[in-house]
């Protein structure tokens, strides 16, 4: 599977809070789950051919450039569920980068927007190399590509990018990603996750466009993160053993598990549009 997007896709859920989950199956190091890891802190040159397939452990190799290393994203529940459903080894390619916009004129941080730089970096230096190394490590094994998760739009909304412009650049970026993945795999779905960081009309416009794209496409499914608790909204008990962070508006640990579960349903062929 391939995960793309900015900070919520990367994940700001705290591993220390996972003990609050009612489902004991959510463990930091689920068996049979692997992730292609490039440490953007140790080597910020994301073009370097230094990625490695590692056994997944949330809070160790669950992000690319978040700091500190104690966070996870939707991949935790997503991979857990796929292992349970299929019994197969699960491989996660996580090309998620904090603070990256989509439209070329959106506010962004390095390496740039998804239109002008980031999509090329994630596809050429994450996806292609990860697939190359997986084929080398597992010769003769049938690889099934389950889908793409896209969770991005907060930066564009903050920059006032019109919803129609966002949709235009998303479709262009998606076409580029599909042109590369399609060289080996076909028929896979896209899970489009709505944004909920600042809860502004601009974010609502992004969500409306993603929702509309999914409604018109049998291979795209929309799930709203609106309604999932952000870190700033957690109760003291939900945030324990950490204090509630009054400044962190990223989706919290419960929301990340919900998004991951929903993406798993989509990747397993049981998805439906929600909130459209």
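If we keep just the residues of the range 7-28 that are out of contact with any strand residue (DSSP E or B) (no Cβ under 7 Å at 6 or more places or on another chain) and assigned to a loop (DSSP other than H, G, I, E, B), which is surrounded by the most Cβ atoms within 10 Å (Cβ to Cβ)?
26
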Here are some residues: 265, 183, 220. Which one is surrounded by fewer than 20 Cβ atoms within 10 Å (Cβ to Cβ), under 16 Å from the mean Cα position of the chain (by Cα) and over 22 Å from residue 160 (Cβ atoms)? 265
Filter the range 92-108 for residues that are assigned to a loop (DSSP other than H, G, I, E, B) and touching a strand residue (DSSP E or B) at 6+ places or on another chain (Cβ under 9 Å); the one that is modelled with the highest pLDDT is 100
Residue 172 vs. criteria within 26 Å of residue 129 (Cβ to Cβ), free of Cβ contacts under 8 Å to residues at least 40 places away in the same chain and either surrounded by fewer than 16 Cβ atoms within 10 Å (Cβ to Cβ) or under 16 Å from the mean Cα position of the chain (by Cα) (or both): no
Does the range 145-158 include one or more residues that are buried (at least 16 other Cβ atoms within 10 Å of the Cβ), in contact with a strand residue (DSSP E or B) (Cβ under 6 Å, 6 or more places away or on another chain) and in a helix (DSSP H, G or I)? no
Looking at the range 109-131, can you tell me whether even one residue there is modelled with pLDDT of 95 or more and part of a loop (DSSP other than H, G, I, E, B)? yes
Unmet requirement for residue 44, which otherwise passes all of (1) farther than 18 Å from residue 8 by Cβ; (2) in contact with a helix residue (DSSP H, G or I) (Cβ under 6 Å, 6 or more places away or on another chain): (2)
Given (1) over 18 Å from the mean Cα position of the chain (by Cα); (2) outside any loop (DSSP other than H, G, I, E, B); (3) buried (at least 17 other Cβ atoms within 10 Å of the Cβ), index of the condition residue 135 fails: (3)
Condition first: surrounded by 21 or more Cβ atoms within 10 Å (Cβ to Cβ), touching a residue at least 24 places away in the same chain (Cβ under 8 Å) and either under 16 Å from residue 40 (Cβ atoms) or out of contact with any helix residue (DSSP H, G or I) (no Cβ under 8 Å at 6 or more places or on another chain) (or both). Now tell me which residues in the range 115-126 satisfy that. 122, 126
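Please specify each residue of the range 175-198 satisfying the condition of being without any contact (Cβ under 8 Å) to a residue 12 or more places away in the chain and part of a loop (DSSP other than H, G, I, E, B).
Narrowing the range 175-198 to residues without any contact (Cβ under 8 Å) to a residue 12 or more places away in the chain: 175, 178-179, 182-183, 186.
Correct list: 182, 183, 186.
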Quick one: residue 205 ticks every box in (1) free of Cβ contacts under 8 Å to residues at least 60 places away in the same chain; (2) surrounded by fewer than 20 Cβ atoms within 10 Å (Cβ to Cβ); (3) part of a helix (DSSP H, G or I); (4) touching a helix residue (DSSP H, G or I) at 6+ places or on another chain (Cβ under 9 Å) except a single one, so which number is it? (2)
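Can you report the number of residues in the range 65-90 which are assigned to a loop (DSSP other than H, G, I, E, B) and more than 22 Å from residue 136 (Cβ to Cβ)? If you could, list the steps in order and put the result at the bottom.
Going residue by residue through the range 65-90, those that are assigned to a loop (DSSP other than H, G, I, E, B) are 65-70, 73-74, 87-89.
Right, trim to more than 22 Å from residue 136 (Cβ to Cβ) and you get 65-70, 73-74, 87.
Result for the range 65-90: 9.
Going residue by residue through the range 63-72, is there one that turns out to be within 20 Å of residue 133 (Cα to Cα), at pLDDT below 90 and within 18 Å of the chain's Cα centre (by Cα)?
Yes, there is a match, as at least one residue in the range 63-72 is within 20 Å of residue 133 (Cα to Cα), at pLDDT below 90 and within 18 Å of the chain's Cα centre (by Cα).
The values are calculated or read from the model by the stated rules, or taken from the named source; none is laboratory data. Given the structure is predicted, the values throughout are model-derived calculations rather than measurements. Ideal geometry is used to build each Cβ from the backbone, glycine not excepted, and the neighbour counts take in all protein chains shown.
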